[in-house]
Amino acid sequence: LLGQADQVISCTDAGREGELIMRYVLEYLGYHKETKRLWISSMTEKSIREGFDSLKSSKEFDNLYRAAKARRESDWVVGMNASLSLSMAAGKSNYSLGRVQTPALGMICRRYLDNRDFIAKPYYLLQLRTTKAGKELVLTCTGKYDTPEKLDADRKKVYEETTAKVVQVEKKEVPEEAPLLYDLTALQRSANTKLGLTAEQTLNIAQKLYEGGYISYPRTGCSYITEDIFEQVPSLIGLLKQHPRFTWHAENLCNQPLNRHCVDDSKMTDHHALIITENYPQRLSLDEQNIYSMIAGRMLEAFSGKCLKETVSVQADCNGVLFGIKGSQIKVPGWRGIYNEPSEKEEGSLLPEFQEDEILPVLGIDTLVKKTKPQPIFTEASLLAAMEGCGRTLDDEKEKEAMEDSGLGTPATRAGIIELLIARHYVERNGRSLIPTPKGLEVYDIVKEKMIANVSMTGGWECALHEIETGKVSTETFTQSINSY
């Protein structure tokens, strides 16, 4: 077919790796005639027609191809040489290192070791029991005590007191914006937390739904949609009137203006956020139903209005020691009404009305003994979040900026990285936790100080690749630095 063609139009993903795939195919088959590029992120008819009306010359994307080729070859060179050298040094086979898998292993090992070696320290809280409008309430001291001596000093102050005085009542109305639409990583995190599915299982289920024509392309790192996709949203929401879980919410949302905060053409990457399609599924497996419902429910949330909460914060003084209590209530449910789930940060419930200078009776003073806790061992959900956001921990501003939209790995590869670490016997699942094996800890101990175990290596690469994309740096300069490394 290529032999008969005068021109080829490349319609692969509008991104670095999409460019690479098409170029490799054409190069392999020896095609050197004219090539045009369709550059679209949205699969609506309108978007596709507009894309074909404004085809670009492939030459405009030469630098993008060079950056993609440099990334792929450098990953291979680094992974191959590092894996061989480690295997030879260890005197054993099947020791594998890589630019993405090794920092991910480092994250898991560091968190595990920190958790294992954590020494809990006690701290103390004072609580004041009072009553208001026939309801017993507990106010907690505004600061915590590191030593029993400090605690005893304040406890003596308030022990004989019979009243406390309200010194501050603060009311606020707090609007809470709806969540953005799911990208793949966010879907995998939710499915791991709520359904106990692994990242790979979620990707496979989403892929089946996509191939069935029920959801948009799942391997996306974007939480936004374009204006032309937004035009279809009302009819897609209308479809969910058939969904037994969302019938009322879909009908309700069809009769009000939609929230547009996840509609932004400028934030578009290779693919838009995960949404349902016009094909409503009739027969799905239980896992497929669950994942479809999560994507549908998040759509309803994202296009619903803000949630409006009223928060109340009360402080009372008991002989110079401050105690506080917080409460909140939802005034307008907005997007939270879809699932009626409380916020993770929900503090207390509705409080009675308090007035400043009001005197409260002291029913008793209690001491709470608590212990500091380590950060929990990674689950797949928390590791995916850490891989996605690891660029934020970098010190170098250029590297941080370069990784702002990428993180460690891509939405399409993160599940595979976790499975690879398990297949290499570096990590194992223990319930929902990811625990390093002795082999994984041994590898981590060898490489933990080396560049390959550090997220900053990816940050440095992303900076260099961006400069190749914009023509500021030649591919040779980058590959020479990789080869010398």
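Remarks
- Pair list, Cβ < 7 Å and 6+ apart or interchain, from the stretch 232-255 residues that are in contact (Cβ under 8 Å) with a residue 12 or more places away in the chain to residues that are among the small types (Gly, Ala, Ser) and open to solvent by 20 Å² or more (accessible area, probe 1.4 Å): Arg245/Ser293; Ala250/Gly238; Cys254/Gly238
- Selected residue (criterion: nearest to Glu227 (Cα to Cα)) from residues of the stretch 1-41 that are polar (S, T, N, Q) and in a loop (DSSP other than H, G, I, E, B): Ser41
- Total residues in the stretch 62-77, condition under 16 Å from Leu408 (Cα atoms), surrounded by fewer than 20 Cβ atoms within 10 Å (Cβ to Cβ) and among the basic types (Lys, Arg): 1
- Hits in the stretch 34-45 (condition: surrounded by 18 or more Cβ atoms within 10 Å (Cβ to Cβ) and of a type in the set (A, V, I, L, M)): Ile40
- Qualifying residue in the stretch 423-430 (condition: small (Gly, Ala, Ser) and free of Cβ contacts under 8 Å to residues at least 12 places away in the same chain): yes
- Complete set of residues in the stretch 261-279 that are acidic (Asp, Glu) and either buried (at least 23 other Cβ atoms within 10 Å of the Cβ) or assigned to a helix (DSSP H, G or I) (or both): Asp265
- Restricting attention to the stretch 452-474, the residues being under 27 Å from the mean Cα position of the chain (by Cα) and assigned to a helix (DSSP H, G or I) number 16.
- Test set (1) without any contact (Cβ under 8 Å) to a residue 12 or more places away in the chain; (2) under 13 Å from the mean Cα position of the chain (by Cα) - Met387 fails condition number: (1)
- For the condition in a loop (DSSP other than H, G, I, E, B) and modelled with pLDDT of 90 or more, Glu449 qualifies.
- In summary, Cys222 fulfils each of the numbered conditions (1) assigned to a loop (DSSP other than H, G, I, E, B); (2) touching a residue at least 24 places away in the same chain (Cβ under 8 Å); (3) open to solvent by 10 Å² or more (accessible area, probe 1.4 Å) with the single exception of condition (3).
- Only listed residue being within 18 Å of Tyr426 (Cβ to Cβ) and hydroxyl-bearing (Ser, Thr, Tyr), chosen from Tyr112, Tyr28: Tyr112
- Any chance Gln232 is at pLDDT 95 or above and either among the basic types (Lys, Arg) or surrounded by 14 or more Cβ atoms within 10 Å (Cβ to Cβ) (or both): no
- A count restricted to the stretch 46-60 and to residues that are in contact (Cβ under 8 Å) with a residue 24 or more places away in the chain and either open to solvent by less than 20 Å² (accessible area, probe 1.4 Å) or within 24 Å of Glu442 (Cβ to Cβ) (or both) stands at 2.
- Cβ pairs under 6 Å, 6+ apart, first in the stretch 257-268 and within 13 Å of Leu300 (Cα to Cα), second among the aliphatic types (A, V, I, L, M) and open to solvent by 50 Å² or more (accessible area, probe 1.4 Å): Cys262/Leu180
- For the stretch 127-168, the set of residues classified as under 30 Å from Gln329 (Cβ atoms), hydrophobic (A, V, I, L, M, F, W, C) and either open to solvent by 40 Å² or more (accessible area, probe 1.4 Å) or not in a strand (DSSP E or B) (or both) consists of Ala133, Val138, Val158, Val167, listed by residue number.
- The criterion of being of a type in the set (D, E, K, R) and either closer than 18 Å to Thr410 by Cβ or assigned to a strand (DSSP E or B) (or both) holds for Lys171.
- Pairing each residue of the stretch 441-464 that is free of Cβ contacts under 8 Å to residues at least 12 places away in the same chain with any residue that is in a helix (DSSP H, G or I) and buried (at least 17 other Cβ atoms within 10 Å of the Cβ), provided the two are 6+ apart or on different chains, yields C-beta distances under 9 Å for Asp445/Cys109; Lys450/Ala82; Lys450/Thr102.
- Output for the stretch 199-218, where each listed residue is in a loop (DSSP other than H, G, I, E, B) and buried (at least 23 other Cβ atoms within 10 Å of the Cβ): Pro218
- Among residues of the stretch 146-188, those that are of a type in the set (S, T, N, Q) and more than 30 Å from Cys390 (Cβ to Cβ), counted: 4
- Taking every residue in the stretch 353-372 that is in contact (Cβ under 8 Å) with a residue 40 or more places away in the chain and pairing it with any residue that is of a type in the set (Asp, Glu) and open to solvent by less than 90 Å² (accessible area, probe 1.4 Å), at least 6 positions away or on another chain, the pairs with Cβ-Cβ distances below 9 Å are Val362/Glu161; Ile365/Glu161.
- Of the residues making up the stretch 420-432, those that are closer than 17 Å to Arg111 by Cβ and surrounded by 18 or more Cβ atoms within 10 Å (Cβ to Cβ) are Leu421, Tyr426, Val427.
- Flag for Arg245 being at pLDDT below 95, within 28 Å of Gly389 (Cα to Cα) and in a loop (DSSP other than H, G, I, E, B): no
- Residue in the stretch 147-157 that is farther than 30 Å from Ser433 by Cβ and under 39 Å from the mean Cα position of the chain (by Cα) present: yes
- Within the set Tyr95, Tyr124, Tyr31, the sole residue that is touching a Phe, Trp or Tyr at 6+ places or on another chain (Cβ under 6 Å), farther than 30 Å from Asp265 by Cα, open to solvent by less than 40 Å² (accessible area, probe 1.4 Å) and of a type in the set (Phe, Trp, Tyr) turns out to be Tyr124.
The values are calculated or read from the model by the stated rules, or taken from the named source; none is laboratory data. Quick caveat, the model's predicted, so the values are computed rather than measured. Please note: Cβ atoms are built from the backbone with ideal geometry, for glycine as well, and neighbour counts cover all protein chains shown. Surface accessibility is based on the protein's heavy atoms, side chains included, excluding ligands, DNA and RNA. Shrake-Rupley method; radii C 1.70, N 1.55, O 1.52, S 1.80 Å.
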